[in-house]
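Below is one structure, written out as structure tokens; the observations come after it.
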Amino acid sequence: MNAPLPRAGLAIATPAHTRSRRRGSALPAGVTRREIALALLAIATLHVIVIAALVRAGIIETPQVVQIIQAALVQPPAPEEPKPPTELPKPPQPRKTVQPAPQPPKPVPVLAAAPAPNDTPVAVAPPPDPKPDLPPVAAPPVPPAPPIQAATPSPVAPPRFDADYLDNPTPAYPSMARRMGEEGKVVLRVFVEASGKPSKIEVRTSSGSTRLDDAASAAVWNWKFVPARRGEENVAAWVLVPISFSLRNA
């Protein structure tokens, strides 16, 4: 017997592997859409590289872009009208000062003298005689001032060495000079300080013997002097000291 046909409107059950084949019937087995997209991209890149190589080799000419240039007629600008020359300002003219005309002096009214009540003439004293011009008297000349005299310095009293109270010893006679029979007079120049002590001794006149001169100088170095005086003040000054050496008095 034949099996009954299915009714209209009833779904016919089909296996799952049959449905999957119908959905992916456009793709080959084992190939995904991502792999197809990568393959297309590689093909397009390869075409671009080939075309670029052909263009560089001159096999394929690159199309030239035609530029359209639009030209328009430009009218020249209208000529400018010449401007009138500007007038320079005129320099200011000096003002003329008008001086007023001098007015004549006004007449001074003269008052008429009233008539005197009496007709008695009045005696008018005559004007005094002018004094004669006397010549100017010259003033007596002023006597010149007396010259200022410079103050005369007080004289200086020289130092003294012969006062008894000084007790200055007599120079010793050198024994060698005595044996040699040397005699003579020596004059020493001594600088005496204000304190009365000698500070410099010079031989002014030699006795002719160095031994006698040295003996006199050695003795005077130990002497005391009365210092020089100027008024009431002790001052330093030079003095000459004569010393004689004689074998008769030795």
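Taken across region 152-174, residues that are outside any loop (DSSP other than H, G, I, E, B) and surrounded by fewer than 13 Cβ atoms within 10 Å (Cβ to Cβ) do occur, with at least one present. Within region 201-235, the residues that satisfy the criterion of being surrounded by 15 or more Cβ atoms within 10 Å (Cβ to Cβ) and closer than 16 Å to PRO159 by Cα are ILE201, VAL220, TRP223, LYS224, PHE225, VAL226, PRO227, ALA228, ARG229, ASN234, VAL235. Considering region 143-177, the residues that are within 60 Å of the chain's Cα centre (by Cα), aliphatic (A, V, I, L, M) and at pLDDT 70 or above include one that is nearest to ALA194 (Cα to Cα), namely VAL156.
Results for (1) within 60 Å of the chain's Cα centre (by Cα); (2) more than 18 Å from PRO169 (Cβ to Cβ), shown as yes or no for each residue.
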position: VAL187; (1), (2): no, yes
position: GLU202; (1), (2): no, yes
position: GLY208; (1), (2): no, yes
position: ALA216; (1), (2): no, no
position: ALA219; (1), (2): no, no
position: PHE225; (1), (2): no, no
position: VAL235; (1), (2): yes, yes
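For region 175-232, name all the residues that are part of a loop (DSSP other than H, G, I, E, B) and hydrophobic (A, V, I, L, M, F, W, C). Listed by number, the residues that qualify are ALA194, TRP221, TRP223, PHE225. Across region 188-200, the number of residues qualifying as crowded, with 17+ Cβ neighbours inside 10 Å and in contact with a Ser or Thr (Cβ under 6 Å, 6 or more places away or on another chain) comes to 1. Of all residue pairs spaced 6 or more apart or on separate chains, those with beta-carbon atoms under 6 Å, a first member in region 192-208 that is without any contact (Cβ under 8 Å) to a residue 40 or more places away in the chain and more than 13 Å from ASN222 (Cβ to Cβ) and a second member that is charged (D, E, K, R) and not in a strand (DSSP E or B) are SER199/GLU193; VAL203/ASP213; SER206/ASP213; SER207/ASP213.
The values are calculated or read from the model by the stated rules, or taken from the named source; none is laboratory data. Because the structure is predicted, anything quoted here is derived from the model rather than measured. All Cβ positions, even for glycine, are placed from backbone atoms using ideal geometry, and neighbour counts span all protein chains on display.
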